[in-house]
Amino acid sequence: MPKLRCLGRRFWIAPFLVMISILCSAQAPVPEPATDQETELGQEMYNELRDKGEIVESSPLYATLKPIADSISRVAQSRYRHPFKFYLVHESQPNAFATPGGNVYVVDSLLYFVKNTEQLAGTLCHEVSHTIHRDSIALMEKRERIKRHEIEAAILLGPTRAHILAIALLGDLHSLGYSREAESNADITGSDICAEAGYNPWGLVWLFDEFQHADTRQIPQLLSDHPANGTRIDTLKKHFRDNPAVFAKFNSDPKSATPFNVQKDAAEQFLRQGDH
């Protein structure tokens, strides 16, 4: 009898631990403390999104996003000095964007939009690559027509100026501000990261292929560089051909993709001003 009671307790504890694990993984990560100009600017952008009520604090969708994001982070982290953190946000159009300091924001509807795991992984790897290349900082320098040391000085002057810069940069990230060269470079680096993380890098190509004749109003902003998507596809395919040791093992047929399913109409709670 004691043995049976012990066995029954194990059977009860195991599902309980699984449930706790799922609940923990369904939470937004804690922001990285501001320690330099990049993390301070990233914090201001986080604050702006939080105060607008866009950041999802908890949702079952985090449990779906987290294992893919973790795999990508393990590979990409050595290329960037701040930890990558992935947040779900609620906006009108499927999208994803990365900000200085390592924060990657994924619009919740993107998880319903992609057709397979490889397409989502390719999108996340692309955004992580923008951070690694510090493209958002370069974009801000270009838009503000000021030099890097001036941006750093402006941020050091206080949170008001940093917040103004953050709002401006968020606007750029939502309006296809990156150059085609920056986008293509992020595609290339993203494909390398995906391959190393074990995700088929053809996922981004499959996504671009679907959009060749699509209405750009219905596709994610980061991928709506139509008609340049054809050029980006060609560049990726050439990169795959030129590096067979890395990419030859991956199947180019979209029929080989891993189906991606998420809970429909998943409940969400949002961060508000004063949280975190």
Exercise. Give, in nm to one decimal, the length gained when the segment between ILE164 and ARG74 is fully stretched (0.36 nm per residue of separation minus the Cα-Cα distance).
Key: 29.1 nm
Self-check item: Protection proxy ranking of 93-105, 32-44 - average other beta-carbon atoms within 10 Å, highest first
Solution: 93-105, 32-44
Self-check item: Label-point separation, VAL30 to ALA248 (7 Å along Cα→Cβ), nm
Solution: 4.8
Self-check item: Compactness relative to 2.2 N^0.38 Å, alpha carbon Rg of the stretch 54-115
Solution: 1.11
Practice problem: Set the Förster radius R0 to 45 Å, insert the Cβ-Cβ distance between GLU141 and ASP234 as r into 1/(1 + (r/R0)^6), and round the FRET efficiency to 0.05. | Solution: 0.95
Quiz prompt | Paramagnetic reach from GLN273 in the stretch 28-48 [backbone N under 18 Å; point 7 Å along Cα→Cβ] | solution = 43-48
Practice problem: Check cross-link reach from LYS249 to the aspartates and glutamates: straight Cα distance under 14 Å, and skip same-chain residues fewer than eight apart. | Solution: ASP192, GLU196
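Quick note: the coordinates plus some simple rules give every number you see, no bench work behind them. Just so it is clear, the structure is predicted and the values come from calculations on it, not from any experiment. Neighbour counts run over all protein chains shown; Cβ positions are idealised from the backbone, glycine included.
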